[in-house]
Amino acid sequence: MMEQQKNTIIVAVCGLHMRGFPLEQQMNGCGAQFIREAESAAKYKLYALPTVPAKPGMIKQSEGGAAISVELWEMPVASFGGFTASIPAPLGIGKVELADGEEVSGFICEGYAADNAEDITAYGGWRSFLGR
């Protein structure tokens, strides 16, 4: 189990909210602190959603899937509701299973979004897909 401060939530991000990407400023604006890089359990597929700007969608699979690179951030509980409310569909916050079996709050994607998206699971993460 990850040690965290009281009144905070661990949030797993897998795309534009990661360090060096455009929405990192939202994490900082919410008072979130980067903790570490991690991997999801090997149960997810990652899709490049046809949005502007392009963003990833991570969908848990009942069978198969792979480990996806994520970043773990510690966010004040007081900021979490507003942050969550600002996330556009088909993305949302749910439980993300990490490689060590721990579950944390994090970005998930509704299954229907995979219908019109490119499966980029083989890259292992958004940063690798973009070549950054």
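The values are calculated or read from the model by the stated rules, or taken from the named source; none is laboratory data. As the structure is a prediction and not an experimental result, all values here were calculated from the model. In this analysis, Cβ positions are derived from the backbone assuming ideal geometry, glycine residues included, and neighbour counts consider all displayed protein chains. Note: areas computed on protein heavy atoms with side chains; ligands, DNA, RNA excluded. Shrake-Rupley method; radii C 1.70, N 1.55, O 1.52, S 1.80 Å.
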Partners for Lys55 among aspartates and glutamates (Cα-Cα distance below 19 Å; same-chain residues under 8 apart left out)
Glu24, Glu37, Glu39, Glu71, Glu110, Asp115, Glu118, Asp119
The answer for trypsin sites (Lys or Arg not before Pro) in the range 5-65 that fall in a DSSP coil and have at most 11 neighbouring Cβ atoms within 10 Å is Lys6
In square angstrom, what is the accessible area per residue of the chain with a 1.4 angstrom probe?
52 Å²
Accessible area of the range 1-119 with a 1.4 Å probe: how many percent of it is carbon plus sulfur?
49 percent
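State to the nearest 20 debye the size of the charge dipole of the chain about its Cα centre, where the only charges are +1 on K and R beta carbons and -1 on D and E beta carbons. Each step should come with its number before you reach the end.
Working: 10 positive and 15 negative charges, 57 e Å.
The dipole magnitude comes to about 280 debye.
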Residue farthest toward the positive end of the dipole of the chain, with Cβ of Lys/Arg at +1 and Asp/Glu at -1: which of Thr121, Ser105, Phe34?
Phe34
As a quick test, which of the pairs Lys6/Lys45; Lys6/Lys60; Lys43/Lys95; Lys6/Lys43 have an alpha carbon distance above 22 angstrom in this structure?
Lys6/Lys45; Lys6/Lys60; Lys6/Lys43
HN-Hα J couplings of the range 19-29 from phi, Karplus 6.51/-1.76/1.60, θ = phi - 60°, integer Hz, Gly and Pro as x?
4, x, 10, x, 9, 4, 4, 5, 4, 4, x
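Mind ranking 102-110, 77-85 by how tightly packed they are, going by the mean number of other C-beta atoms within 10 angstrom, highest first? Can you show the working numbers first?
Values: 102-110: 18.8, 77-85: 13.1.
Packing proxy ranking, top to bottom: 102-110, 77-85.
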Diagonalise the Cα gyration tensor of the range 39-132 and give the resulting equivalent ellipsoid semi-axes, square root of 5 times each eigenvalue, largest first, whole Å.
20, 17, 13
